[in-house]
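Worksheet for the structure shown next.
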Amino acid sequence: MASPDPQRLSLNTATVRKQWNLAQAIEGCARHGIRGISPWRDQVKELGLNQAKKMIQNQGLAVTGLCRGGFFTAQHWLDDNRRAIEEAHELQAQCLVLVVGGLSEGSKDLPAARERVTDSISRLLPEARKARVPLAIEPLHPMQAADRACVNTLEQALDICESLGDGIGVAVDVYHVWWDPKLEAQIRRAGAGRILAYHISDWRVPTRDTLNDRAMMGDGVIDLRLIRSWVEAAGYAGFHEVEIFSELDWWKRDPDEVLRTCKERHLRSS
């Protein structure tokens, strides 16, 4: 299988968030020839939305996603998600990534939580469509079902998408979905029309922390080339976004080394 196009590499700023602020990450992407960036909203707020937009445009970077909306169990979720849509619109983000939230406090009812997700997104969709901001549901690994995302498979996310129509799709994050025996079929089902983002990293064995111990591509057990072949066969031709939460490893390294390694491993291991 051919190596991926290096021009399709994007940096999710979580990968260097402990070392760099957003301005430094933008400058780092430009310096290393990385053409895409996916910032987090707290970093955008710290820099200022207008300044972030100006810096990203001046460096000619594509905003492959804005992280994140969702968390539909939060007290002020509707106002926060409306702001997220406005921010994504201003940044010309290719999508707003939704991490949907888990169980309500005191609840054990997962089906009800998933129904709430569908209902909440249906309230946001008209505004997202008007702003031309596609919403991307990101299924998270089942270990995070209770607190971070009750949508845990691509199949569940696509069921929601199909119930709501256009303007919504999925973010395929290999860290969260690589284990799923239905993954190939569901990627094929999604097709180019529903796959709005593709996130890469690797699964470390043993995993030392369930949230902040992702591995660099090639340092774990995910068959990244196989999953990429499925995504590309489905018609996806967008960016490959490196998103690594790594409290014990990559967040401790020189960020320029991290970006150099991302570029090398994207070509060699993804």
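Bear in mind these aren't lab numbers, they're just calculated from the coordinates by the rules spelled out. Keep in mind the model is a prediction, meaning the values are calculated, not measured. Ideal geometry is used to build each Cβ from the backbone, glycine not excepted, and the neighbour counts take in all protein chains shown.
Could you work out the relative contact order of the chain? I mean the mean sequence separation of Cα pairs under 8 Å and 6+ apart, divided by the number of residues, in percent.
In percent, rounded to a whole number, it is 21.
Going by neighbour counts of Cβ atoms within 10 Å, the residues Cys262, Cys161 line up, fewest first, as Cys161, Cys262.
Summing charges over all other residues whose Cβ lies under 11 Å from the Cβ of Thr64, with Lys and Arg as +1 and Asp and Glu as -1, gives 0.
A simple rule links phi to the HN-Hα coupling: the Karplus curve 6.51 cos²θ - 1.76 cosθ + 1.60 with θ = phi - 60°, which for segment 2-17 gives 5, 5, x, 6, x, 6, 9, 7, 10, 9, 6, 5, 4, 5, 10, 5 Hz, with x for Gly and Pro. Residues whose amide H comes within less than 5 Å of that of Ile195, counting only those at least five positions distant or on another chain, are Val170 (H built at 1.01 Å from N in the peptide plane). In the chain, a dipole from Cβ-located charges (positive for Lys and Arg, negative for Asp and Glu) runs towards its positive end, and of Val117, Leu259, Pro181 it is Leu259 whose Cα lies farthest in that direction. For segment 6-269, the number of Lys pairs with C-alpha atoms closer than 22 Å, counting only pairs eight or more positions apart or on separate chains, is 8. Work out the FRET efficiency for Ser229 and Val205 from their Cβ-Cβ distance, taking R0 = 25 Å, and round it to the nearest 0.05. The pair Ser229/Val205 has a calculated efficiency of 0.65. Taking Cα centroids, how far is segment 19-59 from segment 134-155 in Å? Between the Cα centres of segment 19-59 and segment 134-155 lies a distance of 26 Å.
Rounded to the nearest 500, the 222 nm mean residue ellipticity of the chain from helices alone is -13500 deg cm²/dmol, with -39,500 (n - 2.57) taken per DSSP H run of at least 4 residues.
The dipole here belongs to the chain: it is taken about the Cα centre, uses +1 on the Cβ of Lys and Arg and -1 on the Cβ of Asp and Glu, and is about 520 debye.
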